[in-house]
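Note sheet for the following structure.
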Amino acid sequence: MDTRLRARLLAFITHLITSAGIITAFSLFVYLIWYPSPYHIIHSTLDVIKNLVLVDVVLGPILTLVLFDIRKPHKELRRDISIVVLIQLAALVWGGHITYKMRPLVAAYYENTFFTVTREDLDPADLNHDMLPAFYETPRLVYVMPIKDKEERQKHFSKVLSLEEKPLMLQPFHYADLDTFYADLHDAGRLDMDRVSSEPEKLQKLKAFWIEHQGKAEDYCYHQVMSGPFVGTLVMDCEEPVIVGLINGRL
């Protein structure tokens, strides 16, 4: 192998390993902090990660393989590689911006349903609220304090319909720790097994979940979760507010 080809392959391998390491670190942060299971399913990040892998792990190193040539003047070689790196950095910044902007901050329990709330859903002035997670924290489970007065509740619904006000689940000052109210969710989270048993597709999903987690129906509480067009069922520990898993679709 001649010196030119050896240098080109070394540059390609170095670039590939470096790029793969950066994308791996970024992906781990995304999937462990911003979108831990099951949020990565509710808010699919697969397309963003695929594009990052395509640009940063595939395209970048291949461009280096094509452009790297030790016969080029040092200034020209540095310019070529700098352009490749800038393209990769732009893709990484874009991916980071999208995943951060759309990251779920809370799963807010309201009207017998968990609604996942993203940064994009909230007013900028609300983003520093104490009930919301910091940059380095995972999404939180919160309880939305309802409006108890009937007249005030009707006024709120009218304002929501006229777009004068956001729904309560999008107003952080209505949030409270779910731990305090979790016992109130217990009955709502129990399954009507007679009804579910009459629907084979749903029963099959449940049985698959129980087998995977080595449990049975009464071990868990089941709560609907919604995010845009996504509808699923959060399977939770009945004693404490801990998510065990997710079943696609409404049970």
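Run the simple label-point estimate for residue 76 and residue 242 please: 7 Å along Cα→C-beta, distance reported in nm.
6.3
Per-residue HN-Hα couplings for region 158-171, Karplus 6.51 cos²θ - 1.76 cosθ + 1.60 at θ = phi - 60°, whole Hz, x for Gly and Pro?
5, 5, 5, 5, 8, 6, 7, 8, 7, x, 4, 5, 9, 10
Would you mind getting the accessible area per residue of region 9-89, heavy atoms of the protein chains only, 1.4 Å probe, in Å²?
Computed with neighbouring chains in place, this is 57 Å² per residue.
Just to confirm, what accessible area per residue do you get for region 170-251 at 1.4 Å probe, in whole Å²?
Ligands and nucleic acids excluded, the result is 56 Å² per residue.
What lysines sit close enough to residue 207 to cross-link, taking a C-alpha to C-alpha distance under 16 Å and skipping anything fewer than 8 places away on the same chain?
Excluding near neighbours in sequence, the set is 216.
For region 1-77, with all protein chains present and a 1.4 Å probe, just round the carbon and sulfur fraction of the accessible area to a whole percent.
73
If I model a spin label as a point 7 Å beyond the Cα along the Cα-Cβ vector, how far apart are those points for residue 219 and residue 9 in nm?
5.2
At residue 87 and residue 120, where each label point lies 7 Å from the Cα along Cα→Cβ, what is the point-to-point distance in nanometres?
So the label points at residue 87 and residue 120 sit 2.7 nm apart.
Heavy atoms of the protein only, probe of 1.4 Å, neighbouring chains included. What is the accessible area of residue 87 in Å², nearest 10?
Approximately 80 Å² for this residue.
Students often check this: by mean Cβ neighbours within 10 Å, which of 99-107, 238-246, 187-195, 165-173 ranks highest, and how do the rest follow?
99-107, 165-173, 238-246, 187-195
Please report, as a whole percent, how much of the solvent-accessible surface of region 172-221 comes from carbon and sulfur atoms (probe radius 1.4 Å).
Accessible surface attributable to carbon and sulfur in region 172-221 totals 49 percent.
Test of understanding: in a Gaussian network model of the chain with alpha carbons linked when under 10 Å, which of 27, 44, 82 would top the mean-square fluctuation ranking?
Largest GNM mean-square fluctuation: 82.
Could you give me the ³J(HN,Hα) list for region 186-195, computed from phi with Karplus coefficients 6.51, -1.76, 1.60 and θ = phi - 60°, whole Hz, x at Gly and Pro?
Karplus-based 3J(HN,Hα) across region 186-195 equals 4, 5, 5, x, 7, 8, 8, 5, 4, 5 Hz.
List every residue whose amide H lies under 5 Å from the amide H of residue 245, counting only residues 5 or more places away in sequence or on a different chain, with H placed 1.01 Å from N in the peptide plane.
235
Would you work out the relative contact order for region 1-73, in percent, from Cα pairs under 8 angstrom that are 6 or more residues apart?
60
Taking Cα pairs under 8 Å and at least six residues apart, what relative contact order does the chain come out at, in percent?
The value is 16 percent.
The values are calculated or read from the model by the stated rules, or taken from the named source; none is laboratory data. What you are looking at is a predicted structure, and each value in this text was computed from that prediction instead of being measured. Backbone-built Cβ (ideal geometry, glycine too); neighbour counts: all protein chains shown. The accessibility values were calculated without ligands, DNA or RNA, using every heavy atom of the protein model including side chains. Shrake-Rupley method; radii C 1.70, N 1.55, O 1.52, S 1.80 Å.
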